[in-house]
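Taking it in order: structure first as structure tokens, then the write-up.
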Amino acid sequence: MYDIIQKAHSGVAYLALAVLLFAVINALMGVSSKRSFEDKDRKISLFALIFCHIQLLLGLVVYFVSPLGMAAFGDMSNAALRLTSLEHPLVNILAIALITIGWSKHKKEDSSNGKFKKIGFLYLAGLLFILSRIPWNLWF
């Protein structure tokens, strides 16, 4: 069971990162071109939010059913264990919180430029947080 969930977490990660990157690029292009915020822009941002939340839920399940999850807290001197048991989950929860705040803040904006700015900045911050704590040696 653990292997299936871990593989799903790894597989959905590619999709979540791709959709999140697409949403960031779309928002930044919207800011630079000063175009109006349309339904397709909302859907792109919403799909990024949904995939990131699915990824978070899968990650939390992996964390709590993993043989290394909570048990690794005793050995924080090991950099690899510290990354997977503390830094990766904590920073990614913060990243998803930033993305969620970006989604919530864009709904309260009246101007298209403001909507694009809120999504672009906060989704980009979340993306950078996520990229900073991916255990790259386990991915490739």
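Go through (1) within 11 Å of the chain's Cα centre (by Cα); (2) more than 23 Å from Ile5 (Cα to Cα) and name the single condition Ile101 misses.
(1)
I'm checking my understanding of the structure. Among residues of region 74-109 that are of a type outside the set (A, V, I, L, M, F, W, C) and outside any helix (DSSP H, G or I), which one is surrounded by the most Cβ atoms within 10 Å (Cβ to Cβ)?
Glu109
So which residues in region 111-140 are at pLDDT below 95 and either of a type in the set (A, V, I, L, M, F, W, C) or closer than 18 Å to Phe47 by Cα (or both)?
Ile134, Trp136, Leu138, Trp139, Phe140
Quickly run through region 10-61 and pick out the residues that are outside any helix (DSSP H, G or I), at pLDDT 95 or above and surrounded by fewer than 18 Cβ atoms within 10 Å (Cβ to Cβ).
Result: Arg35, Ser36, Glu38.
Could you give me the residue pairs with C-beta distances under 6 Å whose first residue belongs to region 1-30 and is over 19 Å from Ile130 (Cα atoms) and in contact (Cβ under 8 Å) with a residue 40 or more places away in the chain, whose second residue is of a type in the set (A, V, I, L, M) and exposed (fewer than 14 other Cβ atoms within 10 Å of the Cβ) wherever it lies, and which are 6+ apart or on separate chains?
Final answer for the pair search is Tyr2/Val65.
The values are calculated or read from the model by the stated rules, or taken from the named source; none is laboratory data. Quick caveat: nothing in here was measured; it's all calculated off a predicted structure. When we count neighbours, we look across all protein chains shown, and the Cβ atoms used for this are built from the backbone with ideal geometry, even at glycine.
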